[in-house]
1. If a/c stays under 1.5 just call it rounded; otherwise compare a/b with b/c (prolate if a/b is bigger, oblate if not). Do that for segment 9-112, with a ≥ b ≥ c from the square roots of the Cα gyration tensor eigenvalues.
2. Could you list the residues of segment 1-22 with an amide nitrogen less than 20 Å from a label point located 7 Å from the Cα of residue 147 in the Cα-to-C-beta direction?
3. Taking R0 as 35 Å, what FRET efficiency do you get between residue 72 and residue 159 from their Cβ-Cβ distance, rounded to the nearest 0.05?
4. Could you work out how far the C-alpha centroid of segment 105-170 sits from that of segment 5-68, in angstrom?
5. Would you mind calculating the relative contact order of segment 2-169 from Cα pairs under 8 angstrom and at least 6 residues apart, reporting the percent as a whole number?
6. Quick check on segment 80-170: take the gyration tensor over C-alpha atoms, sort the square-rooted eigenvalues as a ≥ b ≥ c, and tell me if it's rounded (a/c under 1.5), prolate or oblate.
7. Specify whether the C-alpha gyration tensor of segment 4-69 places it in the rounded, prolate or oblate class, a ≥ b ≥ c being the square roots of the eigenvalues: rounded for a/c under 1.5, otherwise prolate if a/b is larger than b/c and oblate if not.
8. Obtain the nm distance between the two label points defined at residue 108 and residue 47 by a simple spin-label model: each point lies 7 Å from its Cα along the Cα-to-C-beta direction.
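None of the figures in this text is laboratory data; all of them are computed from the coordinates on show. Please read these numbers as outputs of a predicted model, since none were measured by experiment. We place every Cβ from the backbone using ideal geometry, glycine too, and count neighbours over all the protein chains shown.
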């Protein structure tokens with residue numbers, strides 16, 4: 001399965017990179033589908049903020065490892081290493097930023113997910129539909145957050161639901 005998204009953010013490339021790359025562990029602040037995230041582990045790539053990220057999603061937890069972190073080329077790539085169903089072989093997400101003006105940045109996101117085995121072949125179409133829904137809003141969430149400093153309306157609704165859920169447990 002392959003998913004590609006492109007969006008233009010009306011901010012300097014360094015500003016976009018700061019949130020996407022340098023604040024890698026804090027993606028939950030802007031990305032829909034993440035209840036919480038945190039970076040951990042000493043970086044193995046120079047200039048990376050951490051080596052890994054742990055994410056809490058409504059459906060469970062995943063762990064990711066940074067594969068590429070290049071502040072000069074504005075490229076970030078990470079792989080899910082734990083938390084996906086057993087029939088998922090790999091899930092690698094690549095982000096590339098390109099300056100297209102003094103205050104404009106093109107953001108390209110490219111996610112590749114491969115499944116394995118008989119169950120993987122059966123589950124792939126359903127998984128593709130589910131991932132497509134989740135991924136559709138993420139670049140827009142980033143754009144909104146970078147341009148306004150606030151979570152997107154979609155992310156805000158998620159935060160409100162999460163807050164109500166936590167309050168009902170307490």
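1. Details: a/c = 1.79, a/b = 1.65, b/c = 1.09.
Prolate shape, in that a/c is at least 1.5 and a/b is the bigger ratio.
2. 5-21
3. Numbers: r = 34 Å, r/R0 = 0.97.
The value I calculate is 0.55.
4. Value for the Cα centre distance between the two parts: 13 Å.
5. Relative contact order for segment 2-169 comes out at 26 percent.
6. oblate
7. Oblate shape, in that a/c is at least 1.5 and b/c is the bigger or equal ratio.
8. 1.9
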